[in-house]
Ligand SMILES: Cc1cc2nc3c(=O)[nH]c(=O)nc-3n(C[C@H](O)[C@H](O)[C@H](O)COP(=O)(O)OP(=O)(O)OC[C@H]3O[C@@H](n4cnc5c(N)ncnc54)[C@H](O)[C@@H]3O)c2cc1C
């Protein structure tokens, strides 16, 4: 038995949002059959729909992030993380959050040290 997960849709192509579950499954199965030559009948074919589940980066995304990063240097202690920024996969956002957590700990430490020195 195998589990095959297929994802449908991309920026600018929302045809799947109006397709019935039957039509969607048929279309995806045809494409998978073409690509892999599958035989057999699926036991289950659930179709969860997440219309806004995956960020779609547009041209200029990196430039916008650079502007945000520059602005954030004026706001120590504020961090933006998540799949909307630097990678939609789990690995990307874990790396991003780890980096944010390290910087956050440093900012908190510096704030505590500065506060202690002022006392
Ligand atoms: C169908 C699908 C399959 C995927 N498969 C994979 C995969 O196989 N491998 C992989 O690496 N990645 C996969 N991803 C991507 C992965 O799920 C995302 O990269 C990851 O979940 C992004 O985490 P996030 O914290 O940025 O966003 P999310 O996981 O969406 O978390 C955001 C959280 O913030 C909450 N929230 C939103 N707005 C507010 C608000 N105003 N106030 C309070 N809370 C709020 C939401 O309820 C949610 O809990 C998949 C994504 C989808 C949609």
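A compact table of results
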{"item": "Value of [θ]222 nm, deg cm²/dmol, for the chain, DSSP H segments ≥ 4, -39500 (n - 2.57) each, nearest 500", "result": "-16500 deg cm²/dmol"}
{"item": "Per-pair calculated FRET efficiency, R0 = 35 Å: residue 71 and residue 49 via Cβ, rounded to 0.05", "result": "0.50"}
{"item": "C-alpha center-to-center spacing [the stretch 41-56, the stretch 15-29] in angstrom", "result": "10 Å"}
{"item": "Those residues of the stretch 43-58 whose amide nitrogen sits under 12 Å from the label point placed on residue 92, 7 Å along Cα→Cβ", "result": "54-58"}
{"item": "Tilt relative to the chain, helix 61-72 - C-alpha long axis, 0 to 90 degrees, to 10", "result": "30 degrees"}
{"item": "Compactness of the stretch 61-118 - radius of gyration and Dmax, Cα, Å", "result": "13.6, 43"}
{"item": "Whole-number percent relative contact order across the stretch 61-118, with pairs defined as alpha carbons under 8 Å at least 6 apart", "result": "26 percent"}
{"item": "Proportion of all alpha-carbon pairs of the chain beyond 18 Å (%)", "result": "69 percent"}
{"item": "Where labels lie 7 Å past Cα in the beta-carbon direction, separation of residue 105 and residue 31 in nm", "result": "4.3 nm"}
{"item": "Ordering of 24-34, 57-67 by packing [mean C-beta count within 10 Å, highest first]", "result": "24-34, 57-67"}
{"item": "Burial ordering of 7, 1, fewest other beta-carbon atoms within 10 Å first", "result": "1, 7"}
{"item": "Tilt relative to the chain, helix 90-118 - C-alpha long axis, 0 to 90 degrees, to 10", "result": "10 degrees"}
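None of the figures in this text is laboratory data; all of them are computed from the coordinates on show. Everything quoted here is computed from the prediction, not taken from an experiment. Positions of Cβ are generated from backbone atoms using ideal geometry, with glycine treated the same way; all protein chains shown enter the neighbour counts.
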